[in-house]
Amino acid sequence: MIATPIAFLAGETELRREKPELVKAVIFDLDGTLLDTLTDIADSMNAALSRHGFPLHDSDDYRLMVGGGIDVLARRAVPRKDATKIRSRRSLPP
């Protein structure tokens, strides 16, 4: 028998036991849940901003920008006056 952490994370006080042969996969939302990746996100976004001549942000500023996906992050990171220069990845050719 193995313990499934999902029940515990959902607020249950005891872990449920499942038969190993019934468990097909385990999915973890690592970004911001199990790992603190804010610095990595900030470094990546700042690299993209720098490449296109936009001002950079302190890592801690990104705490208020993340949470809506990459398109929202890019729009929040670019100055409002330059927002029209941003193209959604959905508008780019495949």
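Summary of values
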read-out: Residues being closer than 17 Å to D40 by Cβ, in a loop (DSSP other than H, G, I, E, B) and either within 11 Å of the chain's Cα centre (by Cα) or of a type outside the set (D, E, K, R) (or both) - total across region 57-89; value: 5
read-out: Tally of residues being surrounded by 12 or more Cβ atoms within 10 Å (Cβ to Cβ), modelled with pLDDT of 85 or more and closer than 15 Å to L56 by Cα across region 68-87; value: 6
read-out: Flag if L49 is under 18 Å from I86 (Cα atoms), in a helix (DSSP H, G or I) and within 11 Å of the chain's Cα centre (by Cα); value: no
read-out: Enumeration of residues in region 42-65 that are of a type in the set (K, R) and out of contact with any helix residue (DSSP H, G or I) (no Cβ under 8 Å at 6 or more places or on another chain); value: R51
read-out: Residue count for region 48-59, restricted to those that are modelled with pLDDT under 95 and either out of contact with any Leu (no Cβ under 8 Å at 6 or more places or on another chain) or among the charged types (D, E, K, R) (or both); value: 5
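The values are calculated or read from the model by the stated rules, or taken from the named source; none is laboratory data. It should be emphasised that the depicted structure is a prediction, and the values quoted were computed from it without experimental measurement. Because the Cβ atoms are built from the backbone with ideal geometry, glycine has one as well, and the counts that use them run over all protein chains shown.
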